[in-house]
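Data first, discussion second: the structure below is written as structure tokens.
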Amino acid sequence: MNPPISVNEKESLNREEQVVLSILEEIEKNPKTSQRNIANQLGIAVGLANSFVKRVISKGFVKIKRINSRNIHYLLTPKGVYEKSRLTYRFLRHSFRYLAMYRQKTYEILAPYSEQGIKDVVIFGSGEEAELSYLVIRELGMTLKGIVDPDHAGEKSIGYEIYDLNWLFDQEALGILLVLHSALLNDSFESHKDDILSRLDGAPILHIEI
């Protein structure tokens, strides 16, 4: 019998575990898949995919069913089904906790300014974190003036056009610049930080860091 999934396990997956989970998901979805297809799906080299496939087979997560001399099918074993469930649980648990933490952190950062009557917010960054921040902005009765992300200017996020830095510098009364965690991680803010600081004339710049 497989042991119960422990809630005390690490809440995030390392790179190897992410690859193993992706391979198990791909094999469950398509037993006829090839190592080349797995490599394409995961965005890794075929040789690396081959190494990982051998690893999941050696661990008993996957077995090979030979159809003929040229074709094989990959099948998840009961142990492989359990491992996929275990890794999925850890991944989702981490994801949900991260989203909850992110929203709470955003609220804690913005609430004091809302209480002071500062209501206009510009988000620096885009994607899922922008959506979470927008929900908090509305919850606090604040107003989203715009979204700035030089790497995605011209695209849309939560129904708003994403602007470049020129739009940001053209704003006479900015309010608050809320810098998302992802923008800090990928250096899209840091690479423009000096220019932004010199042009915003004392507007609060708040960083969401998790």
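The values are calculated or read from the model by the stated rules, or taken from the named source; none is laboratory data. All values reported here derive from a predicted model rather than from experimental measurement. Here the Cβ positions follow ideal geometry from the backbone for every residue, glycine too, while neighbour counts run over all protein chains shown.
Exactly one residue out of VAL62, VAL81 is β-branched (Val, Ile, Thr), touching a Gly at 6+ places or on another chain (Cβ under 8 Å) and not assigned by TED's automatic domain parsing to the domain that holds LEU184: that is VAL62. Would the range 184-202 turn up any residue that is within 22 Å of GLU108 (Cα to Cα) and of a type in the set (Val, Ile, Thr)? Among the residues of the range 184-202, not one is within 22 Å of GLU108 (Cα to Cα) and of a type in the set (Val, Ile, Thr), which makes the answer no.
For the range 147-184, the candidate set comprises residues that are of a type outside the set (Asp, Glu) and under 21 Å from GLN116 (Cβ atoms); within that set, the residue that is nearest to the chain's Cα centre (by Cα) is VAL179. Checking each residue in the range 170-192 for being loosely packed, with under 14 Cβ neighbours inside 10 Å and either outside the structural domain of VAL122 (by TED's automatic domain parsing) or more than 18 Å from LEU144 (Cβ to Cβ) (or both) picks out LEU185, ASN186, ASP187, GLU190, SER191. When the range 85-122 is filtered for residues that are in the same structural domain as TYR160 (by TED's automatic domain parsing), surrounded by 15 or more Cβ atoms within 10 Å (Cβ to Cβ) and among the aliphatic types (A, V, I, L, M), the ones remaining, listed by number, are ILE109, LEU110, ILE118, VAL121, VAL122. Among the conditions (1) loosely packed, with under 14 Cβ neighbours inside 10 Å; (2) modelled with pLDDT of 95 or more, VAL136 misses just one, which is (1).
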